[in-house]
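Worksheet: the structure to be examined is printed underneath.
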Amino acid sequence: MRILSVHNKYQIRGGEDESREAEERLLQDRGHLVEIYEESNDQVAQMNPVQMALRTIWSQESYQIVRQTLKRKNYNAVHVQNFFPLISPSVYYAAKAEGVPVVQTLRNYRLLCPNGLFFREGKVCEDCMGKPVPYPAVVRGCYRGSRPASTAVTGMITAHRAMSTWTDMVDVYIALTEFARQKFIEGGLPAEKIVVKPNFVYADARQGTGQGGYALYVGRLSVEKGLDTLLEAWEKLKHPMPLKIVGDGPLADLVMAASQRSPNIEWLGRKPMPEVYALMGEAKFLVFPSKWYETFGRVAVEAFAKGTPVIASNIGAIAELVEDHRTGLHFHPADSDDLAAKVDWAMTNPRKLAQMRYAARAEYEAKYTPSQNYHKLMEIYARVQPNAVFDRIAPVKMG
């Protein structure tokens, strides 16, 4: 099988990059060929606003590159992981012109919300949901705090709605959770084209012990991730315990100040994944205090792989991934009092927490292993080319 994987490369790596790379590796490890077309956001700084806006709506350069690539070899599918901002939806049209089906993974909410998050001023915002023209984003400068940039994104969304791009030019959309799938249906994408396939992780086979005596946060230090809620909760615990925070981001100063005030808060900065997995395995639990509609929640699945329960906000996809009182606990989003209460409960119920450890690992093994994900991905590719024979060939990666 030969797949052309299309994505825009971010300047700062995140969970989207890790999940995409894991999927590409999954196919290559099983003998399929994955060729990659990518553009880097580094080019954005060299463009004026008009150039940027036009390319965001339609990149003729990307159209020609993809079309010429598809002419040279026989591809089973073009799998678009992320086209924004430089590649644009023009790649769908290039694939269709060459008779190659298109699969689009929905890793954020960009087709419905110009900032991609459904989040504004510290809380969930759906003001653009369902609007033919998502003009509130322009008025508020929702994308990067810039009205010109927000106008460009809004123009892209509006133009391709008018062209029926989202309904006609993609054969299958992949949502990462049922919650995300329902949001995209609500926003106007055709329900019959959206399937659910979660992310997965390559896990260390050894389950952790949870004997480290600390709680753990891993992720971006930002408002939408709920760092303020987490730090406030730690000041309210009846049963104080150490908290280790791994990551970096705009709230780094807030985390640094909290670590200086409290001996129970330790900021570790960024860590390589082997160290993160080791920390996860020895943590009593992982805290996932997000305030926005996560499309997935990769960190939670990584914790499950180590047998570590997750205390998570009862919002969006993360509430779907974490089953309350089985693989972790739910708390009310942005409610530091409720989060503190759930942490105290976990500290005073060690037997039930131990049961959650086994359930968390079982959840990983049942849903989020590479093998299960591979079979689901093959089913999706077979859906867009039902008569194709997906032969395995020598793995090759092109940059």
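The values are calculated or read from the model by the stated rules, or taken from the named source; none is laboratory data. From a predicted model like this one, the values you see are computed outputs, not experimental measurements. Quick reminder, even Gly has a Cβ in these numbers, built from the backbone with ideal geometry, and neighbours come from all protein chains shown.
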Handout entry: the stretch 154-170 residues that are on the phi < 0 side of the Ramachandran plot, paired with ones that are exposed (fewer than 14 other Cβ atoms within 10 Å of the Cβ) and part of a helix (DSSP H, G or I) (beta carbon under 9 Å, 6 or more apart)
Key = 161/167
Completion exercise
Taking the stretch 279-302 and the residues there that are touching a residue at least 60 places away in the same chain (Cβ under 8 Å) and among the aliphatic types (A, V, I, L, M), the one that is surrounded by the fewest Cβ atoms within 10 Å (Cβ to Cβ) would be 279
Practice task
Please state which of the following conditions residue 325 fails to meet, knowing it meets all the rest: (1) farther than 23 Å from residue 344 by Cβ; (2) without any contact (Cβ under 8 Å) to a residue 40 or more places away in the chain; (3) surrounded by fewer than 24 Cβ atoms within 10 Å (Cβ to Cβ).
Solution key: (1)
Exercise for the section: Determine the pairs where a residue that is within 15 Å of residue 150 (Cα to Cα), located within the stretch 112-140, has a partner that is of a type in the set (Phe, Trp, Tyr) and buried (at least 19 other Cβ atoms within 10 Å of the Cβ) with Cβ atoms under 6 Å apart, the partner being 6 or more residues away or on another chain. Expected result: 114/143; 115/143; 116/109; 117/292; 118/109; 118/293; 119/292
Exercise for the section: Run down 186, 235, 178, 266 and say which single residue is at pLDDT 95 or above and closer than 21 Å to residue 323 by Cα. Expected result: 178
Problem - the stretch 156-200: number of residues that are closer than 22 Å to residue 124 by Cβ and of a type in the set (Val, Ile, Thr) - result: 5
Problem - Selected residue [without any contact (Cβ under 8 Å) to a residue 60 or more places away in the chain, buried (at least 21 other Cβ atoms within 10 Å of the Cβ) and farther than 24 Å from residue 372 by Cα] from 40, 90 - result: 90
Exercise for the section: May I ask you to verify whether residue 69 is out of contact with any Gly (no Cβ under 9 Å at 6 or more places or on another chain), in contact (Cβ under 8 Å) with a residue 24 or more places away in the chain and outside the structural domain of residue 298 (by TED's automatic domain parsing)? Expected result: yes
Problem - Residue satisfying condition, being surrounded by fewer than 22 Cβ atoms within 10 Å (Cβ to Cβ) and touching a Lys or Arg at 6+ places or on another chain (Cβ under 7 Å), within set 33, 70 - result: 33
Problem - Condition met for residue 311 (part of a helix (DSSP H, G or I), closer than 21 Å to residue 232 by Cβ and not basic (Lys, Arg)) - result: no
Problem - Flag if residue 226 is surrounded by fewer than 15 Cβ atoms within 10 Å (Cβ to Cβ), over 30 Å from residue 374 (Cα atoms) and either in contact (Cβ under 8 Å) with a residue 40 or more places away in the chain or of a type in the set (Gly, Ala, Ser) (or both) - result: no
Practice task
Find the helices (runs of 4 or more DSSP H) located wholly in the stretch 60-164 whose residues include 2 or more that are of a type in the set (S, T, N, Q) and at pLDDT below 95, and list them.
Solution key: 147-162
